[in-house]
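Structure first, then comments.
What follows is calculated from the coordinates using simple rules that are stated; it is not laboratory data. Predicted model only: the values in this text are computed from it and were never measured. Note that each Cβ is placed from the backbone with ideal geometry, even for glycine, and that neighbours are counted across all protein chains shown.
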Protein chains: 2
Amino acid sequence: MESLEARILKDGYVLGENILKVDSFLTHQVDLHLMKEIGDVFAKKFRDAGITKVVTIEASGIAPALYTADALGVPMIFAKKSKNITMNEGILTAEVFSFTKQVTNTVSIASKYLSEKDKVLIVDDFLANGQAAKGLVEIVEQAGAKVEAVGIVIEKSFQEGRGLLEEAGIPVFSLARLERFENGKVVFKEADL
Amino acid sequence: MESLEARILKDGYVLGENILKVDSFLTHQVDLHLMKEIGDVFAKKFRDAGITKVVTIEASGIAPALYTADALGVPMIFAKKSKNITMNEGILTAEVFSFTKQVTNTVSIASKYLSEKDKVLIVDDFLANGQAAKGLVEIVEQAGAKVEAVGIVIEKSFQEGRGLLEEAGIPVFSLARLERFENGKVVFKEADL
């Protein structure tokens, strides 16, 4: 997605060895025009795939997932990262380790919102180690639903997430793929969409 | 907002003494049609108020805040609830106690995304004790920006949040106001919008 790559080059900020900050348009302040474009690109790809639900994980995945669900005309579900006293029965869970935050979270979705009739598109802002996406795949499969694909806004192609998902038979479609960082600049691989 | 009240009566679920679960359309699974309507109602109210940013807090506030920002044509910023290694300088913070989750979070927004030129509409899914909204007001005011108003999807009018904000001179506009629960059913007060 060219406009996304251009935006990353313009406003993204490389921090240390392997962190790209995009908090001016995706992960903290959110640019709605860009989110709509992202939603439209994913929706165009999956228009005829019979998707019934878009699933993501709080919090930065919510914006791109919402606009994708919106463009596809289906509900969006965001998995919860922590237990909540209002959510205490009928939940599907997976353990997810966050390398960024250095904590393990029990990620959960209420079982009543997914069934074996569902075809799910998982959408997330970043794919790096693949732990979050893998946890979401586990949860969707626990419900007997089918994961059609994983749609990613920014993939760190030098980390193992994509390989992990593809080994499990899950197709991955990324709008921007970071091959490496070179003198504080991003070098892209060819994106999927 | 009549369609919201109707949806609460249809799909909301009263749990115990003072909890309303709306996870089928707002706080877990998200209904995009309803979010658009919510965004449009807030945007209509604040169309001429010169709003430059919509601010919310992760995670359930993001969907209504996004569609409000979208309808107003301004960026949305979501405050973070936990520290992140990619966010380490230039942050504005406030301490927020969550009665639902029984934890105190240091809520933060990067200072570069708010300035004294900003007129902010704060949007959140629920207003109960008012701790989250009060924390967001503190952060916006630390930046020297002006809080124009707080827009709430569902207000628990039997708790102190609204009074707390109004005492601080912040106008509150709620789309649905819960007066009380009676035999497991919601009784509404007249809403603001």
Review point. If each of residue A:185 and residue A:3 carries a label point 7 Å out from its Cα toward its Cβ, how far apart are those two points in nm?
Key: 2.5 nm
Exercise for review: For segment A:93-107 and segment B:1-46, write down the distance between their C-alpha centroids in whole Å.
Suggested key: 29 Å
Review point. To the nearest whole number, what is the average tally of beta carbon atoms from other chains within 10 Å of the beta carbons of peptide B:54-62?
Key: 4
Study note, to complete from the structure: Placing +1 on each Lys and Arg Cβ and -1 on each Asp and Glu Cβ in segment A:53-136, then taking the dipole about the Cα centre, the residue among A:121, A:54, A:92 whose Cα reaches farthest towards the positive end is A:92
**Study point:** Partner aspartates and glutamates for residue A:101 [C-alpha distance under 17 Å; skip if fewer than 8 residues away on the same chain]
**Key:** A:17, A:23, A:58, A:124, A:125, B:58, B:89
**Study point:** For residue B:188, residues with placed amide H under 5 Å, excluding near neighbours
**Key:** B:179
Exercise for review: Report, for segment B:2-189, the % of DSSP beta bridges that are antiparallel, rounded to 5.
Suggested key: 45 percent
Revision key, fill the gap. For segment A:163-171, in residue order, the Karplus 3J(HN,Hα) values (coefficients 6.51, -1.76, 1.60; θ = phi - 60°; whole Hz; Gly and Pro = x) are x, 4, 6, 5, 4, 7, x, 9, x
Point to revise | Per-residue average of Cβ from other chains inside 10 Å of B:64-74 | key: 3
Practice item. Using Cα pairs closer than 8 Å and at least 6 residues apart in sequence, work out the relative contact order for chain B, in percent. Key: 18 percent
Check your understanding: What is the projected area of the convex hull of the Cα atoms of segment A:1-105, averaged over all directions, in nm²?
Key -> 8.5 nm²
Review point. What gaps in nm, shortest first, separate residue A:116 from its twins in the other copies when you place the label 7 Å past Cα toward the beta carbon?
Key: 6.5
Revision key, fill the gap. In whole Hz, the Karplus estimates of ³J(HN,Hα) for segment A:75-80 (6.51, -1.76, 1.60; θ = phi - 60°; x where Gly or Pro) are x, 10, 10, 10, 5, 8
Practice item. Find the percent of Cα-Cα distances in segment A:13-167 that exceed 23 Å, and round it to a whole number. Key: 34 percent
Study note, to complete from the structure: Quick calc, segment A:2-189, dipole around Cα centre from Cβ unit charges on Lys, Arg (+) and Asp, Glu (-), nearest 20 debye, gives 160 debye
Study note, to complete from the structure: Cβ-Cβ cut-off under 12 Å around residue B:43, Lys and Arg +1, Asp and Glu -1: the net charge is 0
Practice item. Mind telling me which of B:141, B:116, B:58 comes out most flexible in a GNM of chain B, alpha-carbon contacts under 10 Å? Key: B:116
**Study point:** Kirkwood Rh and Cα Rg combined as Rg/Rh, segment A:114-193
**Key:** 1.04
Study note, to complete from the structure: homo-copy label distances at residue A:193 (7 angstrom along Cα-Cβ), nm, one dp, ascending, are 3.0
Point to revise | q = 0.07, 0.09, 0.10, 0.12 Å⁻¹: log10 I(q)/I(0) that the Debye formula gives for the protein assembly as shown, counting C-alpha atoms only | key: -0.29, -0.49, -0.61, -0.90
Point to revise | Cα gyration tensor shape of segment A:44-111, rounded if a/c is under 1.5, else prolate or oblate by comparing a/b with b/c | key: prolate
Review point. Taking the Cα centre of the protein assembly as shown as origin and charging only Cβ (+1 Lys, Arg; -1 Asp, Glu), how large is the dipole, in debye to the nearest 20?
Key: 80 debye
Point to revise | Teacher prompt: residue B:48 distances to equivalent labels in other copies, 7 Å Cα→Cβ, nm | key: 4.9
**Study point:** Peptides ranked, highest mean first, by Cβ atoms within 10 Å: ranges A:1-10, B:152-161, A:31-40
**Key:** B:152-161, A:31-40, A:1-10
Review point. So what's the back-of-envelope 222 nm ellipticity for the protein assembly as shown, counting only DSSP H runs of four-plus at -39500 (n - 2.57) apiece and dividing by all residues, rounded to 500?
Key: -8500 deg cm²/dmol
Exercise for review: Set the Förster distance to 51 Å, then compute FRET efficiency between residue B:48 and residue B:19 from the Cβ-Cβ distance, nearest 0.05.
Suggested key: 0.90
